[in-house]
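For reference, the structure is listed below as structure tokens.
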Amino acid sequence: MEYDDFLDESYEPTEDNLVCAFRLVPGAGLSAADAAARVASESSNGTWAALSPDSDVRRYSATAFDISGVGEHGFDVRVAYPLELFEEGSLPQILSCIAGNILGMKAVETIRLLDCAWPEALVQSFPGPQFGSGVRSELLDAADRPPLATVPKPKVGLSTAEHAQVGYEAWVGGVDLLKDDENLTDQSFNPFEQRVVESLEARDRAEDETGERKEYLINITAETDEMVRRAEFVADHGGSFVMVDIVTAGWSALQTVRRRTEDLGVAIHAHRAMHAAFDRLPQHGVSMRCLAQFARLAGVDHIHTGTAGLGKLENEDTAGINAWLRSDLYGLNDVLPVASGGLHPGIVDQLLDALGPDIMVQAGGGIHGHPDGTEAGARALRASVEAYRDGESLQSRAKSVPELETALDAWGTE
Ligand code: CAP
Ligand code: MG
């Protein structure tokens, strides 16, 4: 078994193969075919030295095929992996193969895992989302418009009482979901258990006042056993969602939380802090598209996927990722994509034009930074998505919703 044995340009993948698309720039002195063969080898069962195994382990080898040049960006190559190479239902094991040592090998200058085509048997070994976009009507009253979420700002530092009060104002103003920020978990100024109790009590008051279902995306991110304990605490106190920062917490931890939330009946909101360490450099790493695929298999119900270039953060192809999250995947539930990062009412129409209405819209600064405060900010955001739903321009709706007019004056429409 040598590197060349892992290359077959005319290979036709079978329906049992996991097929990964990579983009690579070969290392010094190597052709695209040389580099592609090494990718297949090192991510399955080859290594730098020629091997002469006694038994037929070749049937567990991956095959590189379909190499094409993409100009200055290097080459695209696909690699087909036999199903038996993988432990069913284990994201860590799968990722150690397809997104493991190859990312650091000298045979490539750069390499990016762009996309995966998942075989049915592997997909069926994962639970997928418990609710998916069904949360809109199953857990919320947002079937006819994008659900709205907000993150109190400042991110951290508010006391528990202040946090719950901000949530109350946002809920009453029209958002569906209060959400913890990614760096708020269990700090002395706002301890987790107290926050759960006080925020859910504020939620109940907001529900009574508005007659709408309101929910809270509570950040349980921690060491795995502690995350499970926190999820149980949330369910015991009447919460229907937990939030997990899935990249920092890790895939196996997420899988454990998903297993536990099946019994608890709570949905998982996936935040993705640190994803950019994998996906920001377009030539290298793991695409957000693939991270979103892993998250759907693991079973998150919502995941942040960006804002189609609007707002404050760099984005990959948000629309393409969202389409994948909604696509048929052997019966697995879909995932509701979340747009967030520098959003405000004045760009909601552009956002929904770009991504369609089947997303969650989340705004922190774009609500709490409203000149008239959180409740007014929430009213402005709610008015903006309802205007879009009704086919009315933001400017026109602002004539009857002063909070929206103030938001448009403050932040403009870009
Ligand atoms: C947004 C946010 C979210 C980011 C995450 C923040 O606040 O709360 O964490 O949007 O990025 O902390 O920046 P603002 P992404 O609404 O005030 O910008 O959705 O791309 O994963
Ligand atoms: Mg945040």
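Here is a check on your reading of the model: is E87 more than 16 Å from ligand 2 (Cβ to nearest atom), part of a loop (DSSP other than H, G, I, E, B) and over 20 Å from the mean Cα position of the chain (by Cα)?
Numbers: more than 16 Å from ligand 2 (Cβ to nearest atom): yes; part of a loop (DSSP other than H, G, I, E, B): yes; over 20 Å from the mean Cα position of the chain (by Cα): yes.
Answer is yes for this residue.
What do you reckon, is S43 open to solvent by 10 Å² or more (accessible area, probe 1.4 Å) and touching a strand residue (DSSP E or B) at 6+ places or on another chain (Cβ under 8 Å)? Steps first, answer last, please.
Values: open to solvent by 10 Å² or more (accessible area, probe 1.4 Å): no; touching a strand residue (DSSP E or B) at 6+ places or on another chain (Cβ under 8 Å): yes.
It is false that S43 is open to solvent by 10 Å² or more (accessible area, probe 1.4 Å) and touching a strand residue (DSSP E or B) at 6+ places or on another chain (Cβ under 8 Å).
Mind checking which residues of region 290-331 are more than 24 Å from S96 (Cβ to Cβ), within 11 Å of the chain's Cα centre (by Cα) and in a loop (DSSP other than H, G, I, E, B)?
Within region 290-331, D301, T305, G306 qualify.
Can you find even one residue in region 200-207 that is more than 18 Å from the chain's Cα centre (by Cα) and assigned to a loop (DSSP other than H, G, I, E, B)? Walk me through how you get there before you give the answer.
Restricting attention to region 200-207, the residues satisfying the condition of being more than 18 Å from the chain's Cα centre (by Cα) are 200-207.
Still in the list and also assigned to a loop (DSSP other than H, G, I, E, B): none.
Within region 200-207, not a single residue is more than 18 Å from the chain's Cα centre (by Cα) and assigned to a loop (DSSP other than H, G, I, E, B).
Scanning region 143-174 for residues that are among the polar types (S, T, N, Q) and open to solvent by less than 10 Å² (accessible area, probe 1.4 Å), which turns out nearest to ligand 2 (Cβ to nearest atom)? Give the steps one after another, and end with the answer.
First, the residues of region 143-174 that are among the polar types (S, T, N, Q): 150, 159-160, 165.
Now narrow it down to the ones that are open to solvent by less than 10 Å² (accessible area, probe 1.4 Å): 150, 160.
Details: T150: 11, T160: 18 Å.
So, considering only residues that are among the polar types (S, T, N, Q) and open to solvent by less than 10 Å² (accessible area, probe 1.4 Å), the one nearest to ligand 2 (Cβ to nearest atom) is T150.
Report, by residue number, each residue of region 1-36 that is of a type in the set (S, T, Y) and touching a helix residue (DSSP H, G or I) at 6+ places or on another chain (Cβ under 6 Å). Outline the logic, then answer.
Our first condition is that a residue be of a type in the set (S, T, Y); within region 1-36, this holds for 3, 10-11, 14, 31.
Y3, the sole residue that qualifies.
Taking the criterion of being within 16 Å of ligand 2 (Cβ to nearest atom) and modelled with pLDDT of 95 or more, would at least one residue in region 346-361 satisfy it? First the steps, then the outcome.
Residues of region 346-361 within 16 Å of ligand 2 (Cβ to nearest atom): 360-361.
Retained after the next criterion (residues that are modelled with pLDDT of 95 or more): 360-361.
Yes; the residues of region 346-361 include at least one that is within 16 Å of ligand 2 (Cβ to nearest atom) and modelled with pLDDT of 95 or more.
Any residue that is out of contact with any His (no Cβ under 6 Å at 6 or more places or on another chain), surrounded by fewer than 19 Cβ atoms within 10 Å (Cβ to Cβ) and in a helix (DSSP H, G or I) - is there at least one of those in region 175-188?
no
Which of the numbered conditions does A249 fail, given that it passes all the others? Conditions: (1) closer than 26 Å to L297 by Cα; (2) open to solvent by less than 10 Å² (accessible area, probe 1.4 Å); (3) within 16 Å of ligand 2 (Cβ to nearest atom); (4) touching a helix residue (DSSP H, G or I) at 6+ places or on another chain (Cβ under 9 Å).
(2)
Does region 219-228 include one or more residues that are crowded, with 23+ Cβ neighbours inside 10 Å, in contact (Cβ under 8 Å) with a residue 24 or more places away in the chain, among the β-branched types (V, I, T) and more than 16 Å from ligand 2 (Cβ to nearest atom)?
No, region 219-228 contains no residue that is crowded, with 23+ Cβ neighbours inside 10 Å, in contact (Cβ under 8 Å) with a residue 24 or more places away in the chain, among the β-branched types (V, I, T) and more than 16 Å from ligand 2 (Cβ to nearest atom).
Suppose we keep only residues that are free of Cβ contacts under 8 Å to residues at least 60 places away in the same chain and touching a strand residue (DSSP E or B) at 6+ places or on another chain (Cβ under 7 Å) within region 175-190. Which one would you say is nearest to ligand 2 (Cβ to nearest atom)?
Residue satisfying both the conditions and the ranking: L184.
State whether the residues of region 141-163 include one that is within 16 Å of ligand 1 (Cβ to nearest atom), in the same structural domain as G299 (by the TED database), hydroxyl-bearing (S, T, Y) and assigned to a loop (DSSP other than H, G, I, E, B). So that I can check it myself, show each step before the final result.
As a first pass, look at region 141-163 and keep what is within 16 Å of ligand 1 (Cβ to nearest atom): 146-158, 163.
Imposing the further condition that a residue be in the same structural domain as G299 (by the TED database) reduces the set to 146-158, 163.
Checking the rest, the ones that are also hydroxyl-bearing (S, T, Y) come to 150.
Filter once more, keeping what is assigned to a loop (DSSP other than H, G, I, E, B): none.
Within region 141-163 (the criterion being within 16 Å of ligand 1 (Cβ to nearest atom), in the same structural domain as G299 (by the TED database), hydroxyl-bearing (S, T, Y) and assigned to a loop (DSSP other than H, G, I, E, B)), the answer is no, since none of the residues qualifies.
Could you list all residues from region 252-301 that are surrounded by fewer than 20 Cβ atoms within 10 Å (Cβ to Cβ) and within 18 Å of D181 (Cα to Cα)?
Answer for region 252-301, where residues must be surrounded by fewer than 20 Cβ atoms within 10 Å (Cβ to Cβ) and within 18 Å of D181 (Cα to Cα): A273, M274, A276.
Which residues, counting only those in region 111-140, are touching a Lys or Arg at 6+ places or on another chain (Cβ under 8 Å) and in a strand (DSSP E or B)?
Matches in region 111-140: I111, R112, L114, D115.
Just to check your reading of the model, which residue among A380, A298, A376, A292 is touching a Leu at 6+ places or on another chain (Cβ under 7 Å) and either within 16 Å of ligand 2 (Cβ to nearest atom) or farther than 30 Å from E88 by Cβ (or both)? Spell out how you get there, then give the answer.
Values: A298 fails: either within 16 Å of ligand 2 (Cβ to nearest atom) or farther than 30 Å from E88 by Cβ (or both); A376 fails: touching a Leu at 6+ places or on another chain (Cβ under 7 Å); A292 fails: either within 16 Å of ligand 2 (Cβ to nearest atom) or farther than 30 Å from E88 by Cβ (or both).
Result of the check over A380, A298, A376, A292: A380.
How many residues, within region 315-344, are open to solvent by less than 50 Å² (accessible area, probe 1.4 Å) and either in contact (Cβ under 8 Å) with a residue 60 or more places away in the chain or polar (S, T, N, Q) (or both)?
Of region 315-344, the ones open to solvent by less than 50 Å² (accessible area, probe 1.4 Å) are 315, 318-322, 324-325, 327, 329, 332, 334-344.
Narrowing further to those that are either in contact (Cβ under 8 Å) with a residue 60 or more places away in the chain or polar (S, T, N, Q) (or both): 315, 318, 322, 327, 329, 332, 334-336, 338, 340, 344.
So the answer is 12.
Out of the residues in region 332-353 meeting the condition of being closer than 27 Å to E392 by Cα and in a loop (DSSP other than H, G, I, E, B), tell me which one is farthest from ligand 1 (Cβ to nearest atom).
Taking region 332-353 first, the residues closer than 27 Å to E392 by Cα are 336-353.
Imposing the further condition that a residue be in a loop (DSSP other than H, G, I, E, B) reduces the set to 340-344.
Values: S340: 3, G341: 3, G342: 4, L343: 6, H344: 8 Å.
Checked region 332-353; the qualifying residue farthest from ligand 1 (Cβ to nearest atom) is H344.
The values are calculated or read from the model by the stated rules, or taken from the named source; none is laboratory data. Everything numeric in this text was worked out from a predicted model, so none of it was measured. Counting neighbours? That spans all protein chains shown, and the Cβs are built from the backbone with ideal geometry, glycine included. For accessibility, only protein heavy atoms count, side chains too; no ligands or nucleic acids. Shrake-Rupley method; radii C 1.70, N 1.55, O 1.52, S 1.80 Å.
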